[in-house]
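S.K.: Below are the structure tokens for one structure; questions will follow.
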Amino acid sequence: MIELKSFTFNPFQENMYVLWDETKECIIIDPGCSTREEENELKDFIEKMKLKPVQLLNTHCHIDHILGNAFCVDRYKIPFYHHKLDLPVLANGRGSAAMFGIRYTDSPAADGYLKEGTPIKWGKSQLDVVFTPGHSPGSVCFIADQEEFVIGGDVLFQLSIGRTDLPGGDHDTLLKSIRSELFTLSESYVVHPGHGPVTKIGSRRKIIRI
């Protein structure tokens, strides 16, 4: 059974996630820690829970979701994965950080690329990977079918959808991703987004008519 802990970090109030199961192996998703204090908060939680990080994942590579990539890879010596189409977004990390005046250590290069249909496995658990472009070229969501939840990145929020005015964004593509990959799930699935509070697929379907 997957357990989950969220942290809200950096000036963009980005939600990052640590997921683990009874084996105590864990994966880290979208580490937004931008200060030493935030890095220590993540580190202290992992130590307190006696977890063993085994993978780092990015739902997409906008600056607010990658600020802690270098810290996590360096500290835990774990492989890092994102979708290949977000390579240009990751490469622009330093420029984005400079534009917002944010402390940033260059993200390491990926050890491999996420692919739809190839699940993420760790411990006794797994997440399915679905390709959900529109917010960024290589946005993905992670779905836990047994536990009925989604790690949604910046695709779907409680009161809105992801913005599409950034380079590589496309509004029609994002709506298609939501319709085909998320709104086909049961209404009971909980979405853990990249910003803001959790929501449910059912409540979003009733509001967003697409």
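The values are calculated or read from the model by the stated rules, or taken from the named source; none is laboratory data. The shown structure was predicted, so the numbers you read here are calculated from the model rather than taken from an experiment. Note that we place each Cβ from the backbone using ideal geometry, even for glycine, and neighbour counts take in every protein chain shown.
S.K.: Residue 172 is checked against (1) outside any loop (DSSP other than H, G, I, E, B); (2) surrounded by 13 or more Cβ atoms within 10 Å (Cβ to Cβ); (3) not small (Gly, Ala, Ser) and fails just one. What number does that condition carry?
M.R.: The single condition residue 172 does not satisfy is (2).
S.K.: Being touching a residue at least 40 places away in the same chain (Cβ under 8 Å) and closer than 21 Å to residue 150 by Cα is the filter; apply it to region 24-41 and report the residue that is farthest from the chain's Cα centre (by Cα).
M.R.: If we take residues in region 24-41 being touching a residue at least 40 places away in the same chain (Cβ under 8 Å) and closer than 21 Å to residue 150 by Cα, then 24 is farthest from the chain's Cα centre (by Cα).
S.K.: I'd like the full set of residues that are part of a loop (DSSP other than H, G, I, E, B) and either surrounded by 23 or more Cβ atoms within 10 Å (Cβ to Cβ) or modelled with pLDDT of 95 or more (or both), limited to region 117-143.
M.R.: 118, 119, 123, 124, 132, 133, 134, 135, 136, 137, 138, 139
S.K.: Identify, please: which residue in region 175-210 is of a type in the set (Lys, Arg) and closer than 24 Å to residue 4 by Cβ and is, among those, surrounded by the most Cβ atoms within 10 Å (Cβ to Cβ)?
M.R.: Filtering first and then ranking leaves 204.
S.K.: Show the residue pairs meeting these rules: Cβ distance below 9 Å; 6+ apart or different chains; first residue within region 185-196 and of a type in the set (D, E, K, R); second residue modelled with pLDDT under 95.
M.R.: 187/200; 187/201; 187/202; 187/203; 187/205; 187/206
S.K.: Here's something else I'd like to know. Looking at region 175-196 only, could you name the residues that are part of a loop (DSSP other than H, G, I, E, B) and among the aliphatic types (A, V, I, L, M)?
M.R.: 185, the sole residue that qualifies.
S.K.: Residues of region 197-210 being in contact (Cβ under 8 Å) with a residue 40 or more places away in the chain and in a strand (DSSP E or B), which ones?
M.R.: 199
S.K.: Just to be sure I understand, how many residues within region 144-169 are in a strand (DSSP E or B), surrounded by 24 or more Cβ atoms within 10 Å (Cβ to Cβ) and β-branched (Val, Ile, Thr)?
M.R.: The number of residues fulfilling the criteria is 2.
S.K.: What are the pairs, 6+ residues apart or on separate chains, where a residue within region 100-118 that is farther than 21 Å from residue 143 by Cβ has its Cβ under 8 Å from a residue that is of a type in the set (Gly, Ala, Ser) and part of a loop (DSSP other than H, G, I, E, B)?
M.R.: Note: pairs meeting the criteria are 102/34; 103/34; 104/34.
S.K.: In region 79-92, is there at least one residue being part of a helix (DSSP H, G or I) and farther than 19 Å from residue 174 by Cα?
M.R.: yes
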